[in-house]
Structures are given as structure tokens and as C-alpha cells.
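No lab work stands behind these numbers, since they all come straight from the coordinates. This is a predicted model, so every value here is computed, not measured. Reconstructed Cβ throughout: ideal geometry from the backbone, glycine too, with neighbour counts over all protein chains shown.
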Amino acid sequence: MDRIPILRMGRLLLVPIQVDMHDQLAMALQDDLTERIVKDRAYGVLIDISALDIVDSFIGKMISNTAAMAKVLDARTVVVGMQPAVAITLVELGLSLQGVRTALNVEMGMKLLQQSAG
């Protein structure tokens, strides 16, 4: 089965989602990411969705749930690179992504995470 890479940058984890997510891949990512937060003692998770043109309700909920799990593990989550169509879809679906901060790009997301750590 394919896996989404999780890259470590100090105590931050970068998750570049470059493929369309299906339910099984999303669940595997959630498991892998929570394990890595604990293993690497990460204080922040940056999820890059710039390659996604479509986010359905399941993927939106998975991102929100993953952020909630990260928070319980004392890590903050920032989602970056959201396309306008994705933002519109999430709002139309009524998904607020509670607990998830957003930024336009990776650089801005990293700054948000570093500010929350300091």
C-alpha cells in the first residue's frame, strides 16, 4: 500500500500530500502521523495540500481529526497551500476544520508553528 511521506525538520513534521487521497490512505496517514509525533517529540505538524484539487467531506474530517489528535499529543497543526476551490468546498460542506490553523504557503506555516512553540 502507498504511504504519504512524513518529513522531519527539527521538531516539526512536514506532510506533503501530493496524491489524491482515498479513505484507506487517509487513515494510514493518520496512524503514521500520530506515531511520528510521539516518536520525534514533534511540537508542530505542517500539512501541505497544495497538490489537492478536491477535498471531500471524509478527507476534510480526517484533517480535522488528525489536528485534534496532534493537539492531544501536544503538537499544533497548520494546513498550507489550500486551493480556492478546496476552501469553497470545505465551507459548502460545513467543515470548519476546528483546531487547524491555515497559511498560504509552507514558509508562512513554518512561521506560525515556530511562533506557537516560542
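Kindly indicate the residue of the stretch 94-117 that is under 13 Å from the mean Cα position of the chain (by Cα) and polar (S, T, N, Q) and also surrounded by the fewest Cβ atoms within 10 Å (Cβ to Cβ) among those meeting that condition.
For the stretch 94-117, the residue satisfying everything is 98.
Would you please name the residue that is surrounded by the fewest Cβ atoms within 10 Å (Cβ to Cβ), looking only at residues in the stretch 29-44 that are more than 23 Å from residue 96 (Cα to Cα) and of a type in the set (A, V, I, L, M)?
The residue in question is 38.
Inspect all residues belonging to the stretch 98-108 and state whether any of them is part of a loop (DSSP other than H, G, I, E, B), within 20 Å of residue 27 (Cα to Cα) and in contact with a Lys or Arg (Cβ under 7 Å, 6 or more places away or on another chain).
Looking through the stretch 98-108, at least one residue is part of a loop (DSSP other than H, G, I, E, B), within 20 Å of residue 27 (Cα to Cα) and in contact with a Lys or Arg (Cβ under 7 Å, 6 or more places away or on another chain).
Is the stretch 45-55 home to any residue that is surrounded by fewer than 20 Cβ atoms within 10 Å (Cβ to Cβ) and assigned to a helix (DSSP H, G or I)?
no
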